[in-house]
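Participant: First, the structure itself, so that you have it in front of you.
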Amino acid sequence: MIRLDNVTKSYKNTTVALRDCTVDIAKGEFVFLVGPSGSGKSTFLRLLTKEESPESGHIWVAGKDINELSPWKVPFLRRNIGCVFQDFKLLPNKSVYENVAFALEVIGVTRAVVRNQVPQMLDLVGLGKKMDNLPHELSGGEQQRVCIARAFVNRPLILLADEPTGNLDPSTSEGIMRLLHRINRTGTTVVMATHDRGIVDRMRQRVIELDRGTVVRDQDRGVYGYG
Amino acid sequence: MALSLEYVAKETSNNLRRNFLMTTGAILCVFVSLTIVGIALVLKAGVSRASVQWRHGVDMSIFMDPTAPPQETTAVRTQLQGEVGTDVRSFFYCTQACAYSEFKTMFANSPEFQESVSESDLPPSFRVVPTHPQLIEQVGDKYSNQPGVKSVVYAKDAIKGLLTVTHYAQVACVSLAVILLILAVMLIVNTIRMAIFSRRREVAVMKLVGATNWFIRIPFMVEGMVQGLLGAIAASIAVYLLRNVVYSLVGRNNILNNLVASTHDVIGTGIAILVVGVVVGAAGSAAAVSRFLDV
């Protein structure tokens, strides 16, 4: 589903974000991306959505070499990838329903489908009763659920999460992880960058550790770290 | 790409309302500049209509009697041909049909006058361009007593003066209007830039979930075109009203009446203004979208 082949990426030719990175993630896997700040986790995720391009190496997403992808096809790549963020990136002047519906509307989905899919998705994340609230009326955990609903509403093949629990307390984080796990069980590949030791240790999934841009560990059913 | 008309209309009207001040400024700027362009064009149309006989440097018209036998016309023609190269630079013959179409152009604003005259009432004429305009009367005298010649008429200094003055007035108007149109483009660029800036979160989310680039761009471009179009519509109406005010001030059947542009001219000018307005709006928004919307 996702394959990186000797990928190197640096910023302004001085900071090396990823160095000769080779990773293979199969369909339906749940992968934690761990490592200290600046180790290249976010760059890893941004390369997959083609927000950044690598200097060398090849990246395959959903069977396509995305280096070869012409710019006008990038939006169609992104329709296969849902993104979840630490700071949620919700639109403050739109209701919960509208935030999720927006993701479908702007890719040209018909209104009938939107009206059918959005409530279903909000029920899945447990916000069926808060559809008309504005984001600032929700707790952090609830906002993150809206963000996940928005990322998953068009049923992408891949879900990328960049520190989704970074702003949440441990028990709320637990709920978010249960939700992501549930999404993973539907066959969606989930890649999650995180600093949360407790979560990684409890979930016992594949762990890829990055350090200064290099993959230093790739372990099935791994833990956060030995140190 | 499924980009519904309803979506574009909703986005565009929201943007226009959100940026009310800037939008109004841009529309007013297009309005003022295009009104000036319109006035220049209508003025030009009016003057060229009133001076239709004196186009192409014609300084003298030899009017023949409508009932003159053909051999008398041929005699004048032969004599004029003999002078081509010396006193006469060139000449042409305006038949009764030609005279009638000129007449209709000149009195386009007085239909009742047009009805009272028929083609056979009008004299055919020779239109003469002299080699030396100051010697024109000497040339004309030779023809005024020829058989079949009704009268010899010279272009008056007043008409020549009018043509010169309106020429400079047009140049001034058009230069001013071009500067104002450039200003209008800049204002539209800035309005669209602000619209993009105020919606940068939405644009980021749209990119994230895979909205196509044109889907993101089109509402902004339509916004610019609507601004150009609204300014142009206002300008067309203003030009039309101004022309009607002038027309009623001048009064019908007054000699100045001929100087007022016909409805036909005004409609043509209005269409030109609308086209320029849309082009200005499209240019401004295209520049803004390509410079400030990195999609």
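The values are calculated or read from the model by the stated rules, or taken from the named source; none is laboratory data. It should be emphasised that the depicted structure is a prediction, and the values quoted were computed from it without experimental measurement. For neighbour counting, all protein chains shown are included, and Cβ atoms are generated from backbone atoms with ideal geometry for every residue, glycine included.
Participant: All but one of (1) hydroxyl-bearing (Ser, Thr, Tyr); (2) within 15 Å of B:Ser61 (Cα to Cα); (3) in contact with a helix residue (DSSP H, G or I) (Cβ under 8 Å, 6 or more places away or on another chain) hold for B:Thr131, so report the exception by its number.
Facilitator: Looking at each condition in turn, B:Thr131 falls short on (3).
Participant: Looking at B:Ala40, B:Ala68, B:Ala45, B:Ala108, which one is within 30 Å of B:Ala272 (Cα to Cα) and in contact with a Gly (Cβ under 9 Å, 6 or more places away or on another chain)?
Facilitator: Exactly one of B:Ala40, B:Ala68, B:Ala45, B:Ala108 is within 30 Å of B:Ala272 (Cα to Cα) and in contact with a Gly (Cβ under 9 Å, 6 or more places away or on another chain), namely B:Ala45.
Participant: With respect to the numbered conditions (1) within 14 Å of chain A (Cβ to nearest Cβ); (2) crowded, with 17+ Cβ neighbours inside 10 Å; (3) modelled with pLDDT under 80, which one is the sole condition not fulfilled by B:Ser4?
Facilitator: (2)
Participant: Still on this model: Before we move on, is B:Val239 out of contact with any Cys (no Cβ under 8 Å at 6 or more places or on another chain), surrounded by 20 or more Cβ atoms within 10 Å (Cβ to Cβ), modelled with pLDDT under 85 and within 30 Å of B:Pro111 (Cα to Cα)?
Facilitator: no
Participant: I'd like to know if the stretch A:127-144 contains one or more residues that are over 21 Å from A:Met1 (Cα atoms) and under 15 Å from the mean Cα position of the chain (by Cα).
Facilitator: Checked against the condition, which is being over 21 Å from A:Met1 (Cα atoms) and under 15 Å from the mean Cα position of the chain (by Cα), the stretch A:127-144 yields at least one hit.
Participant: Shifting gears a bit: Check whether at least one residue in the stretch A:164-172 is surrounded by 18 or more Cβ atoms within 10 Å (Cβ to Cβ) and either more than 30 Å from A:Arg19 (Cβ to Cβ) or out of contact with any strand residue (DSSP E or B) (no Cβ under 8 Å at 6 or more places or on another chain) (or both), and report yes or no.
Facilitator: yes
Participant: Right, here's the next one. Failed condition for A:Arg3, given (1) more than 16 Å from A:Leu159 (Cα to Cα); (2) in contact with an Asp or Glu (Cβ under 7 Å, 6 or more places away or on another chain); (3) at pLDDT 90 or above, with all others met?
Facilitator: (1)
Participant: Still on this structure: For the stretch B:14-48, how many residues meet the condition of being more than 22 Å from B:Val279 (Cβ to Cβ) and more than 24 Å from the chain's Cα centre (by Cα)?
Facilitator: Residues that pass the stated criteria total 5.
Participant: Out of A:Gly187, A:Gly141, which single residue is farther than 28 Å from B:Glu202 by Cα and either of a type in the set (Gly, Ala, Ser) or modelled with pLDDT of 95 or more (or both)?
Facilitator: So the residue among A:Gly187, A:Gly141 that is farther than 28 Å from B:Glu202 by Cα and either of a type in the set (Gly, Ala, Ser) or modelled with pLDDT of 95 or more (or both) is A:Gly187.
Participant: Tell me, yes or no, whether the stretch B:189-200 has at least one residue that is within 14 Å of chain A (Cβ to nearest Cβ) and closer than 18 Å to B:Lys10 by Cβ.
Facilitator: Among the residues of the stretch B:189-200, at least one is within 14 Å of chain A (Cβ to nearest Cβ) and closer than 18 Å to B:Lys10 by Cβ, which makes the answer yes.
Participant: Just checking, how many residues over the stretch A:154-179 are without any contact (Cβ under 8 Å) to a residue 60 or more places away in the chain and of a type outside the set (S, T, N, Q)?
Facilitator: Looking only at that region, the number is 10.
Participant: Of everything in the stretch A:106-123, what is buried (at least 22 other Cβ atoms within 10 Å of the Cβ) and either of a type in the set (Val, Ile, Thr) or at the interface with another protein chain (Cβ under 9 Å from one of its Cβ atoms) (or both)? Give them in sequence order.
Facilitator: A:Val106, A:Val118
Participant: Let me confirm something: among A:Arg197, A:Arg150, which residue is at pLDDT 95 or above and either surrounded by fewer than 23 Cβ atoms within 10 Å (Cβ to Cβ) or of a type in the set (Lys, Arg) (or both)?
Facilitator: That would be A:Arg150, the only listed residue that is at pLDDT 95 or above and either surrounded by fewer than 23 Cβ atoms within 10 Å (Cβ to Cβ) or of a type in the set (Lys, Arg) (or both).
Participant: Here is a further query. Check off (1) away from every other protein chain (no Cβ under 14 Å); (2) touching a residue at least 40 places away in the same chain (Cβ under 8 Å); (3) within 20 Å of the chain's Cα centre (by Cα) for A:Ser10 and give me the number that stays unchecked.
Facilitator: For A:Ser10, the failing item is (3).
Participant: Taking the criterion of being crowded, with 17+ Cβ neighbours inside 10 Å, more than 11 Å from chain B (Cβ to nearest Cβ), within 21 Å of B:Asp294 (Cβ to Cβ) and under 18 Å from the mean Cα position of the chain (by Cα), would at least one residue in the stretch A:83-93 satisfy it?
Facilitator: No, the conditions are met nowhere in the stretch A:83-93.
Participant: Considering each of B:Val205, B:Val171 in turn, give the residue that is within 30 Å of A:Pro92 (Cα to Cα), in a helix (DSSP H, G or I), outside the structural domain of B:Tyr143 (by TED's automatic domain parsing) and without any contact (Cβ under 8 Å) to a residue 12 or more places away in the chain.
Facilitator: B:Val205
Participant: If you don't mind, there's one more thing I want to ask. Report yes if B:Ile188 is part of a helix (DSSP H, G or I), at pLDDT 80 or above and among the aliphatic types (A, V, I, L, M), otherwise no.
Facilitator: yes
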